[in-house]
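Chemist: Would you mind keeping the following structure in view while I ask a few things?
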């Protein structure tokens, strides 16, 4: 238990640094740009691990920490992703908290439009995951709309299991991949 | 002994000795259950032909792999072969059947080749050593680079002769692979050789299906940013976007006559099954549920579709009538995640994958829900099963050797073999009809 608390503290600290430095929305851009360079080289690239996708030390539990989330304004520096359970598109308390912060950001930046991407882990039918990813994007859109973000500013797309953040195939990787991303444009 | 008894003995002798004896032993439905001792000799150069041992070897290897996969044969070790294997005579009067029967061979394949420039002529014959006669003989002429196809074609012919139904080996398997760094559409022979990339979308291409008429494929691609359905003519390369409804346009599957496509569209805000025309016009919405409805697969008569839905909680298989009536029947009851159903070309069984522990395995079930059978065991997750067009074989993906790779096996789950490199992901295989 003590170890867990320490770990949490360390991850929270890392999280605060990340947020303060405005890195939180950067990974989204990285995911979108790295495959393009891959495509050009069209080489013998075989492993997903080579795609240069940056892993973050963010997990469900860290996002759940109220002391990070609190009422300080750190959280509205950018749009953050939300996470889901296996075969689920239900918004948990952490996801709702993140969406509330995302809504604050979008209201503070009224010219920004957002594309919400739904993603899944790679287990199961690809088609099912595309449909599930769409539900994950739509449930986020509906929640943002209910918080007062105009529906016209939001669009949704599902990538199913096609764009994992972590391809290592572990339980931790899967939970990282079951998410909705918020891409501002 | 009475006359009837004598007649019976005579009849059974006739059965054993007649050419029909071989064919009568084989049932189409259960490959791998019975096997005929088969001798497959090396192909010899015809009189006056250039000698090309590597060509002869390639023909023999392709034939051997196909005939082995068929499950109909026990291949006799060539090391045991006697003098007749080195004689080029292909007439039944020239074959020393007694010698082959000494080795236990009941069937014999002999062949020869003649090379002229870049062209080759291949003569190949299947003999019944008990009946001492030729069962089928073929002469093929083509370019040297076509010898693999020639061998596959003769393997199909052997199956046709012995089972009254042609094999599925002179065909193609289409699949998706990220070997270029992006997921693109590929085409290969059924043994994984002769791989050709068909798309260069530099995006995400998914889930192909062959047109039952003509050499065309449909698939989903994010080429224009959204998951739309495309059709490509394989040899002209001509591509058309045929469904671009708002949201998902995924899992397209042709009806047997190629005139209608079942797919999932989410234009209503949630994935529903639709039937569209071959050029994309919407014919009918089949489902109406707030649940996920995906992965349609047609019954061969086109009257029903099996699909995946979580309408009753977890992903399970359901069957719907395509003529409407809205009657939806649940097919799977076991497990917590059943996916990617594929209805057999003969209509008698449905393949699917099911989550078992933390990985998927392949199962088959009758359309009435009875006689469920598990087909795969052991390491790796097996998904996306599709039938060969004759219903005797299955192609699927497994990550048992590393990355997700394409495998083929017999419909009873035996004889599985990997046909693509395990170092790159290859998924969504689909087996074409005869590739003439």
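Chemist: Test residue B:176 against the criterion of being within 14 Å of chain A (Cβ to nearest Cβ), touching a strand residue (DSSP E or B) at 6+ places or on another chain (Cβ under 7 Å), at pLDDT 95 or above and under 18 Å from residue B:431 (Cα atoms), and give yes or no.
Modeler: Taking the combined requirement at face value, the residue satisfies it.
Chemist: While we're looking at this one, here's another question. Would you confirm whether any residue within region A:139-150 is assigned to a helix (DSSP H, G or I), within 14 Å of residue A:181 (Cα to Cα) and within 13 Å of chain B (Cβ to nearest Cβ)?
Modeler: Checked region A:139-150: at least one residue is assigned to a helix (DSSP H, G or I), within 14 Å of residue A:181 (Cα to Cα) and within 13 Å of chain B (Cβ to nearest Cβ).
Chemist: Given the structure, is residue B:274 within 14 Å of chain A (Cβ to nearest Cβ), surrounded by fewer than 23 Cβ atoms within 10 Å (Cβ to Cβ) and over 26 Å from the mean Cα position of the chain (by Cα)? Step through it out loud before you land on a result.
Modeler: Numbers: within 14 Å of chain A (Cβ to nearest Cβ): yes; surrounded by fewer than 23 Cβ atoms within 10 Å (Cβ to Cβ): no; over 26 Å from the mean Cα position of the chain (by Cα): yes.
Against the criterion (within 14 Å of chain A (Cβ to nearest Cβ), surrounded by fewer than 23 Cβ atoms within 10 Å (Cβ to Cβ) and over 26 Å from the mean Cα position of the chain (by Cα)), residue B:274 does not qualify.
Chemist: Can I ask one more? Take residue B:95 and decide whether it is over 30 Å from residue B:212 (Cβ atoms), modelled with pLDDT under 95 and crowded, with 21+ Cβ neighbours inside 10 Å.
Modeler: Numbers: over 30 Å from residue B:212 (Cβ atoms): yes; modelled with pLDDT under 95: yes; crowded, with 21+ Cβ neighbours inside 10 Å: yes.
Against the criterion (over 30 Å from residue B:212 (Cβ atoms), modelled with pLDDT under 95 and crowded, with 21+ Cβ neighbours inside 10 Å), residue B:95 qualifies.
Chemist: Would you say residue B:361 is in contact (Cβ under 8 Å) with a residue 60 or more places away in the chain, assigned by TED's automatic domain parsing to the domain that holds residue B:305 and either within 22 Å of residue A:128 (Cα to Cα) or under 19 Å from the mean Cα position of the chain (by Cα) (or both)? Lay out the reasoning, then the answer.
Modeler: Working: in contact (Cβ under 8 Å) with a residue 60 or more places away in the chain: no; assigned by TED's automatic domain parsing to the domain that holds residue B:305: yes; either within 22 Å of residue A:128 (Cα to Cα) or under 19 Å from the mean Cα position of the chain (by Cα) (or both): yes.
No.
Chemist: Hey, can you tell me all the residues within region B:325-355 that are part of a strand (DSSP E or B) and more than 25 Å from the chain's Cα centre (by Cα)? Break it down into steps so the answer makes sense when it comes.
Modeler: We begin by selecting, within region B:325-355, every residue part of a strand (DSSP E or B); these are B:328-330, B:338-343, B:350-355.
Result: B:328, B:329, B:330.
Chemist: I'd like to know if region B:238-254 contains one or more residues that are within 28 Å of the chain's Cα centre (by Cα), under 25 Å from residue B:347 (Cβ atoms) and more than 14 Å from every other protein chain (Cβ to nearest Cβ).
Modeler: Yes, some residue in region B:238-254 is within 28 Å of the chain's Cα centre (by Cα), under 25 Å from residue B:347 (Cβ atoms) and more than 14 Å from every other protein chain (Cβ to nearest Cβ).
Chemist: For the condition in the same structural domain as residue B:307 (by TED's automatic domain parsing), surrounded by fewer than 15 Cβ atoms within 10 Å (Cβ to Cβ), touching a helix residue (DSSP H, G or I) at 6+ places or on another chain (Cβ under 8 Å) and not in a strand (DSSP E or B), what is the one hit in B:269, B:214, B:247, B:237?
Modeler: B:269
Chemist: Still on this structure, please answer the following. If you take the residues of region B:373-382 that are more than 14 Å from every other protein chain (Cβ to nearest Cβ) and buried (at least 17 other Cβ atoms within 10 Å of the Cβ), which of them is farthest from residue B:319 (Cα to Cα)?
Modeler: Out of the qualifying residues, it is B:376.
Residue-by-condition table, conditions (1) within 14 Å of chain A (Cβ to nearest Cβ); (2) more than 20 Å from residue A:121 (Cβ to Cβ):
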| position | (1), (2) |
| --- | --- |
| B:306 | yes, yes |
| B:327 | no, yes |
| B:335 | yes, no |
| B:341 | yes, yes |
| B:350 | no, yes |
| B:384 | yes, no |
| B:391 | no, yes |
| B:407 | no, yes |
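Chemist: Let me ask another. Surrounded by fewer than 17 Cβ atoms within 10 Å (Cβ to Cβ), assigned by TED's automatic domain parsing to the domain that holds residue B:193 and at pLDDT 95 or above: does that describe residue B:410?
Modeler: no
Chemist: Please give the number of the condition residue B:97 fails out of (1) over 30 Å from residue A:126 (Cβ atoms); (2) in contact with a helix residue (DSSP H, G or I) (Cβ under 6 Å, 6 or more places away or on another chain); (3) in contact (Cβ under 8 Å) with a residue 24 or more places away in the chain.
Modeler: With (1) over 30 Å from residue A:126 (Cβ atoms); (2) in contact with a helix residue (DSSP H, G or I) (Cβ under 6 Å, 6 or more places away or on another chain); (3) in contact (Cβ under 8 Å) with a residue 24 or more places away in the chain applied to residue B:97, the lone miss is (2).
Chemist: Further question: Please specify each residue of region B:220-234 satisfying the condition of being within 14 Å of chain A (Cβ to nearest Cβ) and either part of a strand (DSSP E or B) or touching a helix residue (DSSP H, G or I) at 6+ places or on another chain (Cβ under 9 Å) (or both).
Modeler: B:220, B:221, B:227, B:228, B:229, listed by residue number.
Chemist: Now, a different point. Restrict the check to region B:287-296 and report whether at least one residue is more than 10 Å from chain A (Cβ to nearest Cβ) and part of a strand (DSSP E or B). So that I can check it myself, show each step before the final result.
Modeler: Applying the first criterion (more than 10 Å from chain A (Cβ to nearest Cβ)) to region B:287-296 yields B:287-289.
Subset that is part of a strand (DSSP E or B): none.
Taking every residue of region B:287-296 in turn, none turns out to be more than 10 Å from chain A (Cβ to nearest Cβ) and part of a strand (DSSP E or B).
Chemist: Right, here's the next one. Kindly indicate the residue of region B:186-209 that is away from every other protein chain (no Cβ under 14 Å) and in a strand (DSSP E or B) and also farthest from residue B:249 (Cα to Cα) among those meeting that condition.
Modeler: B:189
The values are calculated or read from the model by the stated rules, or taken from the named source; none is laboratory data. All figures in this text were calculated on a predicted structure; none of them were measured in a lab. Every residue, glycine among them, receives a Cβ derived from its backbone with ideal geometry; neighbour counts consider all protein chains shown.
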